[in-house]
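These notes are about the structure you will find just below.
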Amino acid sequence: VQLQASGGGLVQTGGSLRLSCAISGRFSSINSLGWYRQAPGMERELVVSSGTTTEYADSVKGRFTISRDIGKNTVYLQMNSLKPEDTAVYYCFADPKYRGRYWGQGTQVTVSS
């Protein structure tokens, strides 16, 4: 299983970005997927996890939305009203059934003030 993340970049405060994560390889189904982020000097933190339920970090509720195109095996993270504190490397993950967790390579999001 391979995950390829893209869509990061530099945006001003209040702007929007959409991250993509293309999932390829052999798997029967995915139990859950989502995004983490890691800011410089900080631990990696969960942004959103989507399985039977969807859970967002309090800091992104109402601003970020996860979605999935099953036909394309791609998961998206729409990020609106971005703030400087959203600056981080964003990592997508997927938990295929009966398999371990797989990670994408990370995509940098920088929000300027």
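Considering each residue of segment 51-89, count those that are without any contact (Cβ under 8 Å) to a residue 24 or more places away in the chain and within 18 Å of LEU3 (Cα to Cα), and give that number.
So the answer is 4.
Would you check if THR52 is open to solvent by 50 Å² or more (accessible area, probe 1.4 Å) and farther than 19 Å from VAL89 by Cβ?
It is true that THR52 is open to solvent by 50 Å² or more (accessible area, probe 1.4 Å) and farther than 19 Å from VAL89 by Cβ.
Of all residues being of a type outside the set (Asp, Glu) and exposed (fewer than 13 other Cβ atoms within 10 Å of the Cβ) in segment 29-43, which is nearest to VAL89 (Cα to Cα)? Just the residue, please.
In this case the residue turns out to be PRO40.
Scan segment 1-48 for residues that are assigned to a strand (DSSP E or B) and of a type in the set (Ser, Thr, Tyr) and report the count.
5
State which residue is surrounded by the most Cβ atoms within 10 Å (Cβ to Cβ) when the search covers only segment 61-77 and only residues that are outside any strand (DSSP E or B) and of a type in the set (Gly, Ala, Ser).
Looking at residues that are outside any strand (DSSP E or B) and of a type in the set (Gly, Ala, Ser), I get GLY62.
Which count do you get for residues in segment 78-108 that are open to solvent by less than 30 Å² (accessible area, probe 1.4 Å), of a type outside the set (Gly, Ala, Ser) and under 11 Å from the mean Cα position of the chain (by Cα)?
5
Give me a count of the residues in segment 96-113 that are assigned to a strand (DSSP E or B) and modelled with pLDDT of 95 or more.
Of the residues in segment 96-113, 8 are assigned to a strand (DSSP E or B) and modelled with pLDDT of 95 or more.
The values are calculated or read from the model by the stated rules, or taken from the named source; none is laboratory data. Being a predicted model, the structure only gives us computed values, none of them experimental. Using ideal geometry, Cβ is built from the backbone for each residue, glycine included, and neighbour counts are taken over all protein chains shown. SASA here: full protein model, heavy atoms, side chains in, ligands and nucleic acids out. Shrake-Rupley method; radii C 1.70, N 1.55, O 1.52, S 1.80 Å.
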